[in-house]
1. Within the stretch 25-162, what whole-number % of the accessible surface is contributed by carbon and sulfur, with the 1.4 Å probe and all protein chains included in the calculation?
2. Quick check: the distance between the Cα centres of the stretch 75-100 and the stretch 138-167, to the nearest angstrom?
3. Keeping all protein chains in position, work out how much accessible area ILE51 exposes to a 1.4 Å probe, and write it in Å² to the nearest 10.
4. Counting only protein chains, not ligands or nucleic acids, how are GLU45, GLU87 ordered by accessible area (probe 1.4 Å), most first?
5. In square angstrom, rounded to the nearest 10, how much accessible surface does VAL111 have for a 1.4 Å probe?
6. Among all the aspartates and glutamates, which ones have a C-alpha under 13 Å from LYS82's C-alpha, if same-chain residues fewer than 8 places away are not counted?
7. When the helices in the chain are scored as -39500 (n - 2.57) per DSSP H run of 4 or longer and the sum is shared across all residues, what 222 nm value do you end up with, to the nearest 500 deg cm²/dmol?
8. Taking Rg/Rh (Cα atoms, Kirkwood Rh) straight from the coordinates, which label in [x] 1.07; [y] 1.00; [z] 1.45 is the correct one?
Amino acid sequence: MSFTQSVYRMVCALSLSLFLTGTLWAADYQHSLTVDQMTFNWSVEGEHLVIKLSAPTKGWVGIGFHPTEGMKGANIILGYVKDGKVELSDDYGHQYTKHEPDVKRDGTDNVTLISGNETGNTTTLEFSIPLQSGDASDGNIDPKADTVVILAYGPDRDSFRMKHQYHKTITVNLGDGTMK
């Protein structure tokens, strides 16, 4: 292989790397809230809500939409990173303090992973969910309306069985980013 071909391949590889990095990791979110030490970023993109959650834990982070009492009635998404691999769970709050995966309730897992990492003592997950999944357990998300949201994270252990060490329920307008 000639020097010119080597340089050409290197430039092509570098260009592709920069393109992919800019496309996949430079996601700009329309809205961002920091509640205590947890960060919730989101964008409405077509028929999906794209979410980025960060919290000071080496365990799971989670979010829930439309709880009626405690966790009851909420569409809950939990995730953690273990050995560089992301584990996500799409759950439904079937009691005040209990939830289980949608698939155990004849529902569907409709969370799409974008990325996840654990850096130092912080876990960050990025994923998307449909605004209208068609799953009775999920309910519909109206980005123009006020939405009750649960933000939570667990202790420094990669297990969905661990109870949260932090949780907060807020009301936010997903369309304009205001917290009520």
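1. Taking all protein chains in place, the stretch 25-162 shows 43 percent carbon and sulfur surface.
2. A separation of 8 Å, based on Cα centres.
3. Its accessible surface works out to 0 Å², give or take rounding.
4. Putting GLU45, GLU87 in descending order of accessible area: GLU45, GLU87.
5. Roughly 30 Å² of VAL111 is accessible to a 1.4 Å probe.
6. Output for LYS82: GLU118, ASP156, ASP158.
7. Using -39500 (n - 2.57) per qualifying helix, the result is -4500 deg cm²/dmol.
8. [x]
The values are calculated or read from the model by the stated rules, or taken from the named source; none is laboratory data. These numbers come from a predicted model, not from an experiment. The protein model used for the area step is the full one, side chains on, heavy atoms only, and it has no ligands, DNA or RNA in it. Shrake-Rupley method; radii C 1.70, N 1.55, O 1.52, S 1.80 Å.
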